[in-house]
Structure formats: C-alpha cells, structure tokens
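Below is one structure, written out as structure tokens, with a few remarks after it.
Bear in mind that the values in this text are calculations on the coordinates, not laboratory data. A quick note: this is a predicted structure, and the numbers were derived from the prediction, not measured. No Cβ is skipped: glycine too gets one built from the backbone with ideal geometry, and neighbour counts run over all protein chains shown.
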Amino acid sequence: MAVSEQSRTGNRGDGFSAIPDDARPLAIEARGLVKSFDGTRAVDGVDILVPEGAIYGILGPNGAGKTTTLRMLLGIIDPDAGVRRVFGHDRPHDIGRLIGYLPEERGLYPAMKCVEAIAFMGALRGLPLRQGRKRALELLESHGLGHVANRTIRQLSKGMAQTVQLLGTLVHQPRLVVLDEPFSGLDAINQGKLETTIRTLADDGVTVIFSTHVIHHAERLCEGVAIIAGGKVPYAGSVEAARDRIPAQVRLETRAREGAWMAALPPETRRNGDFFHFPLPESGIEPLLRQLIEGDAGILSLSIERAGLHDAFVAIAGEAAARQLQADSEGAAA
Amino acid sequence: MTDLAIRPHLSALEAAWVIARRDFVAVLFSRAFLFFLLGPLFPVIVGGLAGAIGGEVQREAVSVEIGLAMSPQDNAAMIAAGKRLAPQLGSALPSLREVPEAKGDPAFDARAFMEARRGNYAAILTGTLASPQLVGTEGQLRRWQGPVGLLAGHATSAEAAAFPTVGSAVVTTSAAAERSSRIQTAQVAQMVLFLLTMLLAGMVLSNLVEEKANKIIEILAAAIPMDAVFMGKLFAMLAVSFVGIGVWGLAAYGLWSLGSDALTAASGFDIARLPAPAVGWPLFLLLGVVYFAMAYLLLGALFLTIGAMANTVREVQTLSMPVTMMQLMVFFLAAYTIKQPGSQLELAAIIFPLSSPFAMLARAAMEPQLWTHALALAWQGLGVLALVKGGAVLFRKRVMKSGGAGRAPRGGGSLGWRARRASRRVEAGQ
C-alpha cells in the first residue's frame, strides 16, 4: 500500500488540522467517517488526524460514538462512508503488528496463565509465542506483577487483570497504541501508573490514542484532542486551542456594594455573594480596571482564571447537543 | 519501537493457526472436555439399564409357558417330548409346566381358570395326547397350536422321530441382493455421520458464546480478520472432534473385543456382517472421515454465523433450534434418497451443501465412481468458505456495535445541564 504524500504530514492546509503547524507524518487519518447501526447514525462525518508520536484523546459523553470511531480506525468494522488510513494503509489489518488495542470491555481467557495470555495477545500480532512469553515475563516484572506470571487470570484482582491486558496490548511493541476508556475501573494509583505508561510510550515515539469521558486525564496527557458529540466532531485540535475557545473568567471582589462603576462590568456578569464573575473582555482587563478605580469600587481582589479543558469540553459538547436538539426539533416539525 | 523479531505479515492461515492452537489446547485440557467425552456413555448406560429392565418386564409380561392340565402320565410325556425336541427346535417350542391347581382335579375347568386370569400361562393344554385341547386367547392359539401338536405327536410316538442332517451351502451375496444389502451400509454410515456431527458441532457454538461472554472477541477482531478467527475456531473444534472420535472409537473397539457376541446378541446388529461398500472399506472409511469433516465444518460455520448474530446465550438457543431442526430435515432428505439413486431428489440432496456429505457418503456405499466425490468435496469446501465469510460479515455488522451506539441523548445526556450552562457561558463570552 503506497502512502500518499497528502497523508504523510500533519500540515494539511485544508482548513482542518489536528495540531496546528505540525509537520510530523500522520499515524491516523480519518476523514468524513460515517457509520449507521439499524438506521441510527452512530458516527456522522468524523474527521481525526493524529500525528506520529502524539498522545491524542477522543473525548465525548457516553454514546457519543467514540468506540465506534475507534473500531473503524482499527478495521474491526468498516465505515459506511469516509476515508480511514493508519500509517497510510487503508486496511489496518495489513499492519496489525504495528498496532496495539485495549478495548473498553476488558476480556481475557479466565483459565489462561498471565504469561500465556500476554504471549497469546502478542501472537495475534505476529510475535512468536516463545518470544512473547519471554517479553511477557519482562513486562510483568517491570510492572511489579512478576509474582502472578503463572497464576490464571481468574485468580487476579480486577486491577491486575486490567494491567495484564494492557501489557498484552504492548507486548509486541506497537507503534500505535489505541486505548478505549483505559482509565475506567482503575483506582487512583493505577490511573497514575497508566498515565506514566502512556507518557513513557510517547517518549519512545509511540503514538497513543485513547478515548475517555474523564477530561482531566486528557488535559494532563494529550497534545491533541477530538471532541465527539452526537456522532460528530465539533472540535479537533490542540488542547491549548480548545481551552482558548472559552474566554478567561474574571473574579472580582470590591469593597463598595453598589455604585456607578457597576456600569463598566460586562452584561454577562453574575454576582455571587461578594464576588462578581464575568468573562474577560476582549479589550483586556486594563480599561476595566481604570473604570473601576475611577468609579471608586474599592478593589479587594481580582483574579483571571484561564478556562480548563473540562470547561471547553462541556461548552463544545453542549453546543453540539443544542444543535442536535434543534435539528431533531426541526426534523420532527418538517 | 518495533525492534522485536516480529513476522512481517501474519497471513490468514497463520492467524487462523494462532486461534486454532489456543482453542484446541484450551478445550482439550478443560474439565468440560472430559465430561464431553463421557457424554455418550450416559445414554449407553441408561439405554442398557432400560433395555435390561424392559427385557425383564417383557419376559414377565409375555409368557410363553404352556400349562399342562392332562393326566400326570400325559403331562410327563409332553415334558419329555419337549426336552427331546429342544435341541432341534429351540425357541420355536414353548416351555411346558404342569398346572398345580389341575393336579388330582378331574373337574378342572381350564377355560374358567384362564378367564379368571389365574396363573401366568400363554395357554393351557387339556385332554389327552391323542386328543389334546389347547385353551387360550386367539393369538396364543394361533401361535402355539402347531408346536403343541408336534409335541403331542412326538409324545405319543413310541420312538423319537428321525431328523436327517440338512446340508448347507452359503453364498455371500447375489447380484440382486448386493444393492439392497449395501443400502444397509449406507444407512448405518449416514446415521453415524449424523450423530457425530450433531454431537460435536454444538461445541463450536458454545466456544463462540464463551468468547463473547469473556469479551475477548473484540481483541481477536482487532488483531486479525474475522474470517481467520472463524476458520481457526472451526478447525480447532474439528481437531477436538477427531480426538473425541478417536477416544470413543478406541473405547468401542475395546468393548467389542471384550464381548462382541454379547453386544451382537443384545443389539441384534452385527457390524462385522455389514455388507462391503461399493468403493471398498478402506476408501469408504477415508471418505467417511473427509465427509464428517465437511459436514462438521458446514454445520459449524452455520452455528458460528448464528453465534455472530446472537448477543446473548438465550438468543443463541433460540436461533440454533431451527438450524437443528433443519439439520434433521436434511438428514431425512439424504436418508430418503438412498433408495432413489440418480433421481432429481438425490441430486438436490447432493447439491445442497448441508445434505451433500450425507448423500455422498451413501453414494460411496452404493456406487464405485470416485470422481463425483472430488467434485462434491470441492463444492462443499466452497460452501464452508461462503458460510465463514458470511458469518464474519454478519459478525462485523451486527455484533461490533457499542452498547450506547447511536446519537447522544438529547441535551447531552448526563452532561446536559452542564453543557447547556457552559454553552451559555460561551455565548456570553463571545
């Protein structure tokens, strides 16, 4: 399969960018992916571009189409329409040895020993069994699970079993790791360990793409995110750009309760006790400060808080949901 | 990153081999397989016990004992005649026993005795040797009148009748009998093939259901094409089936070696006297193995397709019932066509993939041509491939959709109120 020049780089120049000004080759390129189940459109024109070596998050509420999108990217199901390329290949199974996948619904053979389970998952990706066993033992040791190597899966705790499955995903040293809701079901300690593992993978040049509805993980880990809502992607790009979509919030505390200075506050201002909350004006804070001082507001405290990814996500997913609601209403009326 | 010596490309065959190897080892060394091997033993034991009890009951219920109510001398003469004739006539003669109630009772009324349902006699013999009188139901009289007359005649005669030795010359078969006798071989072969297929093909289904329950199927589907997964499972289960058949075959051979006479007598069926098939025994057995494999793969692929369509065990049970019934119909069709070689119906049974192995095995018993088998096997192989491909497509279409697939709930679901609030904030900020 020839890799097209267009798919080699992250600078597409087509008005859609995963991470602006990114010159790295693309690990994943999805354009206009569509998938329907039983007449319901689960994914509706999803575009995702992930450069090699990036940690990329797919964020969305439950039922938004994250898993279906990942399954299409991996070739488990085929899209009804659209283009899907992994490392430039249309058929992901052709390069299965380069990919590691941890599905949302964790599954292992309960009667299998840990070392065999990991080696088997490697064998599915082309790693010879003997080599897989050797590597499985190394991985188990390095993750503090050497003592359970010869235990069966059913003898493990849930957290341990999840770790074993993750190791099975990584045993063949893939170049692309796809994790579907990897943090779900893990306690805080194991979540931290998983974050470390993901960072280590990225440091080694591995592309990691994961879905989640827990924003904090994505905010801490990802350089790029795609937000999915109602089967569409209302936002795909860098985390920074997503945060910039929401204006910073100003929190103001004044000595004076009332006064002419209040006219200087933006109309969206909300009052909460002694505090005023409002978005940072486009003209900046200085003109407002001047008016407050001149109006003798008596500023006790003023802070500017930049919006987090969570705020951006809620805002963007909410916009999409509102549009969807509007579209449904119009459709029903028609 | 990928610095391990990974094979550059895992072909479909290699992928199927990875699945088959795991499934084969996992099934073979499971406790379930031990129970599976012992499975056929239970019907045999139950059948044996039921047969023994039934036989005993039948012996009790269907008496072939004739009560003697003649004079003591005549009774003794009849019993003696019975003993003399037994070596020649065996079971054709009834057992004879004096009726105790008739002893020393010249007024003994045999008719009243029988109608009063006393004793356990098929009939009662009264009168004299010269003029015997048999009292019993119409059926019993029809059955025993002749033998009793023979016994009475022999008891009357002063000397034993002379029985000349009858010479015999056995022929194995005749041109007219050959075809009809091979039908028996064809029927037995079809029956064995059907029982084995039905017994073993269900394993594939349970294997796939287990895989779904373990939720590992998505890992397999992500790593290798689904048809390779199905192929691997089919061949693993086929190999397991051969192990099962091997074990049962050895057990049956052992039992046969230990007591073939008893088994033949008990079953009324002597496998050693089964007529030789038209293609000869070695080739017939080989074809039997190959056709079993094909029948198994075809049915297994169909069951896998069902498994692919079903999401729960209950759905699997519901969907597999019609297939099982259809398989029965297919078997009946193939069995029916044995006696209609060359007919349109036989051709239909050969062409329809699921009945093809059965019809062709019967044909191997009846007809010596071999090229038809090569053609049929190729056709059946295509059928397996088509079913596997279809099953894989169905699986990808129907099963691999997320539980929450579909549009997000209106208002953004659980995040709705936050989304709306944040949305307002965005609008306010812009």
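Please give the direction-averaged projected area of the C-alpha convex hull for segment A:48-198, in square nanometres with one decimal. Mind showing how you got there, number by number?
Working: hull surface 36.9 nm².
Answer in nm², one decimal: 9.2.
Can you give the mean number of other chain Cβ atoms that lie within 10 Å of the Cβ atoms in peptide A:96-103?
On the way: counts 7, 8, 3, 2, 2, 5, 3, 7.
Mean inter-chain Cβ contacts per residue within 10 Å come to 5.
Just tell me which lysines come within less than 30 Å, Cα to Cα, of A:K134; anything on the same chain fewer than 8 places away is out.
A:K113, A:K158, A:K193, B:K212, B:K215, B:K233
Using Stokes-Einstein with the Kirkwood hydrodynamic radius over Cα pairs, what translational diffusion coefficient do you get for segment B:312-383 at 37 °C and a viscosity of 0.692 mPa s, in µm²/s rounded to a whole number? Can you show the working numbers first?
Details: Rh = 13.0 Å.
Reported coefficient: 252 µm²/s.
In nm², what is the average projected area of the convex hull enclosing the Cα atoms of segment A:247-305? Show your work: numbers first, answer last.
Working: hull surface 14.2 nm².
The directionally averaged projection comes out at 3.5 nm².
Pop out the ³J(HN,Hα) list for segment B:361-372 in order, Karplus 6.51 cos²θ - 1.76 cosθ + 1.60 with θ = phi - 60°, rounded to Hz; leave Gly and Pro as x.
Result, rounded to whole Hz: 5, 4, 5, 4, 6, 9, 10, x, 4, 10, 4, 4.
To make sure I understand, if each residue's beta carbon is the centre and we count other beta carbons within 10 Å, what order do B:M70, B:M366 fall in, fewest to most?
Working: B:M70 23, B:M366 19.
Sorted ascending by nearby Cβ count, the order is B:M366, B:M70.
What is the fewest-to-most order of B:E211, A:E138 by other Cβ atoms lying within 10 Å of their Cβ?
Working: B:E211 21, A:E138 13.
Taking fewest neighbouring Cβ atoms as first place, the list is A:E138, B:E211.
Of the options A:F275, A:A260, A:A297, report the single residue whose Cα projects farthest towards the positive end of the charge dipole of segment A:247-305 (beta-carbon charges: Lys, Arg +1; Asp, Glu -1).
Selected residue: A:F275.
For chain A, what D do you get in µm² per second when you plug the Kirkwood radius from alpha-carbon pairs into Stokes-Einstein at 10 °C and 1.306 mPa s? Write out the running numbers ahead of the final one.
Values: Rh = 22.3 Å.
Answer from the Stokes-Einstein relation: 71 µm²/s.
Output wanted: per-residue J couplings in Hz (rounded whole) for segment B:12-17, from phi through Karplus 6.51 cos²θ - 1.76 cosθ + 1.60, θ = phi - 60°, x for Gly and Pro.
Rounded to whole hertz, the list is 4, 5, 5, 4, 4, 5.
Run through the DSSP bridge list for chain A and note the antiparallel percent, rounded to the nearest 5. List each step's numbers first, then the result.
Working: 35 of 53 bridges.
Once the DSSP bridges in chain A are tallied, antiparallel ones form about 65 percent.
What whole-number distance in Å separates the alpha-carbon centres of segment A:294-315 and segment A:170-231?
31
Mind grabbing the base-10 log of I(q)/I(0) for segment B:195-327 at q = 0.09, 0.12, 0.13, 0.16 Å⁻¹? Debye formula, identical points on the C-alpha positions, no solvent, two decimal places.
Those come out to -0.38, -0.62, -0.69, -0.90, one per q.
So what is Rg over Rh here for segment B:64-156, counting just Cα atoms and using Kirkwood for Rh? Walk me through the numbers on the way to the answer.
Working: Rg = 12.1 Å, Rh = 13.0 Å.
Rg/Rh: 0.93.
Taking amide H positions as placed 1.01 Å from N in the peptide plane, with prolines and chain starts having none, which residues 5 or more places from A:L102, or on another chain, fall under 5 Å of its amide H?
Here the answer is A:V178, A:L179, A:D180, since their amide H atoms fall under 5 Å of that of A:L102.
Please check: in the Gaussian network model of chain A (C-alpha springs, under 10 Å), which one of A:L194, A:L288, A:L108 has the largest mean-square fluctuation.
A:L288
Could you go through segment B:79-96 in sequence order and give the Karplus-derived ³J(HN,Hα) for each residue, using 6.51 cos²θ - 1.76 cosθ + 1.60 with θ = phi - 60°, rounded to whole Hz, and x for Gly and Pro?
So the Karplus estimates, Gly and Pro as x, are 5, 5, 5, x, 5, 5, 7, 3, x, 8, 9, x, 6, 5, 9, x, 6, 10 Hz.
Take the alpha carbon gyration tensor of segment A:77-132, find the square roots of its eigenvalues, order them as a ≥ b ≥ c, and report rounded if a/c is under 1.5; if not, report prolate when a/b exceeds b/c, else oblate. Display every interim value, and only then the final one.
Working: a/c = 3.93, a/b = 1.79, b/c = 2.20.
Because a/c hits 1.5 or more and a/b fails to exceed b/c, segment A:77-132 counts as oblate.
With just the Cα atoms of segment B:183-257, tell me how far they stretch along each of the three principal axes, in Å, largest first.
Computed over segment B:183-257, the largest-to-smallest principal extents equal 50, 27, 18 Å.
Give me the percent relative contact order of segment A:137-259, please, defined on Cα pairs under 8 angstrom at least 6 residues apart.
Details: 84 pairs, mean separation 19.5, N = 123.
In percent, rounded to a whole number, it is 16.
Tell me, A:K113, B:K83 in order of fewest to most beta-carbon neighbours within 10 Å? Provide the component values of the computation, followed by the final result.
Working: A:K113 19, B:K83 11.
Ordered by Cβ neighbours within 10 Å, fewest first: B:K83, A:K113.
Amide H of A:K232 versus every other amide H placed in the peptide plane: which residues, excluding those fewer than 5 positions away on the same chain, fall under 5 Å?
So A:K232 has HN proximity to A:D44.
Counting only residues 5 or more places away or on other chains, whose amide H sits under 5 Å from the amide H of A:A54 once H atoms are built in the peptide plane?
Sorted by chain and number, the residues that satisfy this are A:V208.
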